[in-house]
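Here is the structure we will look at.
The values are calculated or read from the model by the stated rules, or taken from the named source; none is laboratory data. Everything numeric here is computed off the predicted structure, so don't read it as measured data. All Cβ positions, glycine included, derive from the backbone under ideal geometry; neighbour counts span all protein chains shown. We work out accessible area using only protein heavy atoms, side chains counted, and drop any ligands, DNA or RNA first. Shrake-Rupley method; radii C 1.70, N 1.55, O 1.52, S 1.80 Å.
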Amino acid sequence: MERAQKQQKALAILDRLRTCLDLSQEDLGTMFGATGEDVRAWESGAAEIPELTFARLVSADGALDRMLWLFRPDRLPQVIRRRAEAFNGERALEWILDGRIADVADRYDSGLAYQRRSA
């Protein structure tokens, strides 16, 4: 994939994460080890998204797909903001902002799969 295509894909993923999870630019920056200013620069085209961040964005997009399969899109922002035992009493959002969105998707998937089997 050429550089311009990667940047477009990365920007689309940033927008999707922000929209689906109801995140701010500062939240996205925290999630990817950057600042809100970095995210604004990426989105405006003033700065290029680093290669490592691109890889993390692609991974986060896959985890988001898994969560959207489990939860209705209109409910997902509320779900990740509730404290849950699966996250040691924390909110899933705290894990997501810590860069652990794949772990969040795994825990939701495991917990809901267990509930489906025991129902």
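List of remarks:
- Count of residues meeting criterion [within 15 Å of Glu48 (Cα to Cα), part of a helix (DSSP H, G or I) and not polar (S, T, N, Q)] in the stretch 1-32: 10
- Search result, residues across the stretch 45-60 that are among the aliphatic types (A, V, I, L, M) and part of a loop (DSSP other than H, G, I, E, B): Ala46, Ala47, Ile49
- Residues of the stretch 1-29 that are hydroxyl-bearing (Ser, Thr, Tyr) and open to solvent by 80 Å² or more (accessible area, probe 1.4 Å): Thr19 alone.
- Residue in the stretch 74-89 that is open to solvent by 30 Å² or more (accessible area, probe 1.4 Å), out of contact with any strand residue (DSSP E or B) (no Cβ under 7 Å at 6 or more places or on another chain), within 25 Å of Gln5 (Cα to Cα) and not hydroxyl-bearing (Ser, Thr, Tyr) present: no
- Considered as a group, the residues in the stretch 61-73 that are part of a helix (DSSP H, G or I) and not aliphatic (A, V, I, L, M) include one that is surrounded by the most Cβ atoms within 10 Å (Cβ to Cβ), and that residue is Asp61.
- Residue count for the stretch 33-44 satisfying the condition of being in a helix (DSSP H, G or I) and either among the charged types (D, E, K, R) or surrounded by fewer than 17 Cβ atoms within 10 Å (Cβ to Cβ) (or both): 7.
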